[in-house]
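The values are calculated or read from the model by the stated rules, or taken from the named source; none is laboratory data. Note that the coordinates shown come from a computational prediction; the quantities given were computed from them, not determined experimentally. Backbone-built Cβ (ideal geometry, glycine too); neighbour counts: all protein chains shown. Accessible surface is based on the protein model in full, side chains and every heavy atom, while ligands, DNA and RNA are left aside. Shrake-Rupley method; radii C 1.70, N 1.55, O 1.52, S 1.80 Å.
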Protein chains: 2
Amino acid sequence: MFDNAEIAHEVDKATYKKKEPQLRQALLDAQYQLLRESKFATLILIGGVEGAGKGETVNLLHEWMDPRHLRTYSFTAPSDEEIERPYMWRFWRKLPPRGKVGIFFGAWHTQPIVGRATGHLSRGELDARISEVKRFEKMLTDEGVLLVKLWFHLTKKQQKKRLEALESDKRTRWRVGPQEWALFKRYDKFSKVSEHFVRATSTGAAPWYVINGADPRYRALTVGTTLLAALRDRLDEKTPSKPGGNPPPLLPSVDGRNVLRALKLDRKVSEKEYEKKLEKLQGRLNLLSRDPRFKKLSVVAVFEGNDAAGKGGAVRRVFQAIDARFIGSVPVAAPTEEERAQPYLWRFWRHLPRKGHFLIFDRSWYGRVLVERVEGFAEESAWMRAYQEINDFESDLVSSGIVLSKFWLAISKEEQFRRFKEREKTPHKQFKITEEDWRNRKKWDDYERAVCDMVDRTSTHDAPWTLVEANNKYFARLKVLATLADAVEQGLDRVGK
Amino acid sequence: MFDNAEIAHEVDKATYKKKEPQLRQALLDAQYQLLRESKFATLILIGGVEGAGKGETVNLLHEWMDPRHLRTYSFTAPSDEEIERPYMWRFWRKLPPRGKVGIFFGAWHTQPIVGRATGHLSRGELDARISEVKRFEKMLTDEGVLLVKLWFHLTKKQQKKRLEALESDKRTRWRVGPQEWALFKRYDKFSKVSEHFVRATSTGAAPWYVINGADPRYRALTVGTTLLAALRDRLDEKTPSKPGGNPPPLLPSVDGRNVLRALKLDRKVSEKEYEKKLEKLQGRLNLLSRDPRFKKLSVVAVFEGNDAAGKGGAVRRVFQAIDARFIGSVPVAAPTEEERAQPYLWRFWRHLPRKGHFLIFDRSWYGRVLVERVEGFAEESAWMRAYQEINDFESDLVSSGIVLSKFWLAISKEEQFRRFKEREKTPHKQFKITEEDWRNRKKWDDYERAVCDMVDRTSTHDAPWTLVEANNKYFARLKVLATLADAVEQGLDRVGK
């Protein structure tokens, strides 16, 4: 992997002087075309060893390209707002929108490599991180992000020479202390881990370019040429290639039975019983939210369901149980302009709560495999790969300590008809029923199929779906509250350990 | 001010039971109308004494209205990302967009009142804060935000009774300790400061509603009725009232002389001198940015100027001097959908940098008094009041320790013509010159007038404009760099003290 970068590369001054202006102009042209067309975002990852010219490269790119449409972020110590959210949140919030170029100076690759090289991560843990990184980068490239990953390398000899040169110069001597030599002693260890990581995360869509950083001119021309080629490839693409290819088919329905039809939708409780149990469950949820351990936890609850299944009413009962300062909701509607300029999941990531908070998603990322699938708003390849992307996303949430509950509120076709009619008759509910609702209803079977596939593919051990029989609103609300309270209680127990 | 709230108010159960359902329905209807029409945002401020039902009120509003379109924020300890930015940043970032309701549980009023009551603020400082608050709230209401400010009061007797009642009940005894009684001892002090603050910040457009909080039913009905009236007033408005009225005229130009015409636009330096001085100035700026004190500072530089005046080139020379990780820029174009749903300045506030960073605004908030004024995109009342709003905004920046530099790059009409023609001739510059540039050029005099008025009204001691003679690009760039370096140096000196 590092073989080519182990060779001494050099570019003489004359060659550089000849090539640099053309390269620079071509890069600038590509950048402006990227900006004008705004079809995709470009994200450059910078990795590699100390002293191999990472910082110099970033500064050079700022000089070559128009810095007004380029943004560099270095990821050192996370802020407290970042610490309280899943690990990937800090990267998501800095992703460049379509048309722009982002440079990440150190990114998601830094921590696993350092962790393994310093012995804080086991080999197995490293491999788990590698899988995560690969899945994440695949999602990015599938979503159209042009990912250019540059790894800067120095041979052991070059590194030693560099440190000695710095030491022998009065002006730079301060830059080399015992720490730098200690790091050098671990060169082989770091090199081995890096090589493993770089190899394992070099995929067809997002390979690492390993560049020897010893010679500034060679380094500069190599970086420029690599970036230009990557940009031109994408900019000149006539018909953008579809990611995913032909997805394998979903599980067929042979006997007409499925998880929705197996539900006893008419399960009910009386009003009296409801009142009594509601108060009890809300009290229980309230107490749980005021548990001192809750400060270390956050809760994300997803509500999906048939139109008129009573999502709003169930959500309100949850809100009633929690102090208003610690609960919020995200009503998911059409994405905004800024959201459309980002990968699909960006608009959900941005809302993730800090510790000590509940967040309700009223409809959610499942829109992609429900309405977008059924109505044809998303291509098959896009919603098919969404199952995996969603599972990865939810796994990020859960492993960061978020309690995740997902509810599908199910009513029968007859009950929906009754509720639609009732809404039409009630003056202050009329705005809740539109032509679109009637149109959606005609596709009942398609939606049912989509829901079953969704449950099939995204009900995981860590993030199971709760199917809620909702023909009777009382029953549905109680089941939601009880499920949520159980989940929070289990979350608190985990924190307590 | 607190007179009505000193009276014992009570609502009996029967009255409450009769009125509450109607009120609730009416509030819900108003909320849905607000959401559907999305013409303005509603922001409810909650203030007042401990135990007067602030939290209960917020929870009640969550119950009465649809909590999915309502969001409550409590402002306790700021996060580190907030601490590193101007005081008001944390409030700006939580402002509700048009169509939504936001509740701020404690807001910009909390700190001044507590500060004064505990002796940390002098009377003079308090009055300065009051002026700031008034100007800020005026800006919000001028921008169309419906601001409903609720202050919850308890008489001294009621407060004492409340504490004693809590103390005498086994289950609530823990809620009253020495701290609570110590606070009670300062009742008069707090009451005096609060009364002063509430009176001083009660303006026509944003009065405080002082409500006695002792009786929950009275409190609830009063809050609901107040909020409903405020919402209905705005929702039922046939022709929205224009804020500002007839603004007083600007300073007339009698003799044809002005700050722009007084500039010697042709000031120049030779290429050789430029190269030498450029390196020196960039080196100086670089050293300043690496000064350890710079970690406590941030720099905001605004670039405005005639079309083709060389903003891009000047900005690039600044970028070259600074490590790419610590500098970014915001190219200001048309506002996005999310930005249009907020007060005008929101889209600039959101980008403010953390400490240790440079941020370049390539065009800026001055668009309102330049292009929006000249092209008629903003009404006269809107751009006229913008001068004051901008001064207030910049004063927030400067007093939070931000180094603010504002550059107007000025070229002559002839020089602009020459540059336009040159752009048209140079293939890779053609995209930089459009019909719009030629159209703007026809309004040269109008723009000149707008620039002079802008300088007149917004060149302040803390945030002066630097007019840059830019017919010669070399001269212009050097002047920008030297001015910026001086400003950063002065900023560092202030930190150092």
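Assorted remarks:
- In the structure shown, the pairs B:280/B:473; A:94/B:406; A:94/B:432 are assessed against 24 Å; a Cα-Cα span above that value is assigned to A:94/B:406; A:94/B:432.
- Chains B and A together, accessible area buried on both sides, 1.4 angstrom probe, square angstrom: 4000
- Only Lys, Arg (+1) and Asp, Glu (-1) charged, at Cβ; the protein assembly as shown dipole about Cα centre in debye: 1420
- Placing unit charges on each Cβ (+1 for Lys and Arg, -1 for Asp and Glu) gives the stretch B:35-179 a dipole about its Cα centre, and among B:78, B:97, B:47 the Cα reaching farthest toward its positive end belongs to B:47.
- Note that chain A presents 47 Å² accessible area per residue, ligands and nucleic acids not counted, probe 1.4 Å.
- Ranked from largest to smallest solvent-accessible area, with a 1.4 Å probe on the protein heavy atoms, B:394, B:372 come out as B:372, B:394.
- Report note on the peptides B:306-319, B:477-490: ranked by the mean count of other C-beta atoms within 10 Å, highest first, their order is B:306-319, B:477-490.
- Share of Cα-Cα pairs in the stretch B:400-491 lying beyond 21 Å, as whole percent: 47
- Shape of the protein assembly as shown from the C-alpha gyration tensor: oblate (a/c of 1.5 or more and a/b not above b/c, with a ≥ b ≥ c the square roots of its eigenvalues).
- Label-to-label distances for residue A:418 across copies, nearest first, come out at 8.4 nm, using points 7 Å from Cα in the beta-carbon direction.
- Sorted from closest to farthest, the other copies place their residue B:295 label points 2.7 nm away, with each point set 7 Å from Cα along Cα→Cβ.
- In this simple spin-label model, placing a label point 7 Å from the Cα along the Cα-to-Cβ direction at both residue B:229 and residue B:413 gives a separation of 5.8 nm.
- Straight-line cross-link partners of residue B:429 among the aspartates and glutamates, defined as a Cα under 15 Å from its Cα and at least 8 positions apart when in the same chain: A:29, A:66, B:307, B:437.
- Each other copy places its own label point for residue A:94 at 2.6 nm from this one, sorted shortest first, where the point lies 7 Å along the Cα-to-beta carbon line.
- Among the protein heavy atoms of the stretch A:313-412, carbon and sulfur supply 49% of the accessible surface, probe 1.4 Å, non-protein parts ignored.
- Set of aspartates and glutamates near residue A:264 by C-alpha distance (under 12 Å), chain-local residues within fewer than 8 positions excluded: A:469
- Farthest towards the positive end of the charge dipole of the protein assembly as shown, among the residues A:308, B:395, B:154, is the Cα of B:154, using unit charges on the Cβ of Lys, Arg, Asp and Glu.
- Value of Rg to Rh for chain A, rounded to two decimals, is 1.05; Kirkwood radius and Rg both from alpha-carbon coordinates.
- Percent RCO, i.e. relative contact order, over chain A, from Cα pairs under 8 Å lying at least 6 residues apart: 19
- Accessible surface of residue B:326, taken over heavy atoms with a 1.4 Å probe and every protein chain present, rounds to 80 Å².
- Partner shielding of B:320-327 amounts to 6, given as the average count of beta-carbon atoms from other chains within 10 Å of each residue beta-carbon.
- Accessible surface of residue B:457, taken over heavy atoms with a 1.4 Å probe and every protein chain present, rounds to 90 Å².
- Largest to smallest in accessible area, the residues B:346, B:438 fall in the order B:438, B:346 (1.4 Å probe, all protein chains included).
- Seen from a random direction on average, the alpha-carbon convex hull of the stretch A:159-199 projects onto 3.2 square nanometres.
- Listed by chain and number, the aspartates and glutamates whose alpha-carbon sits under 19 Å from that of residue A:161, ignoring those within fewer than 8 places in the same chain, are A:6, A:10, A:50, A:56, A:169, A:180, A:188, A:215.
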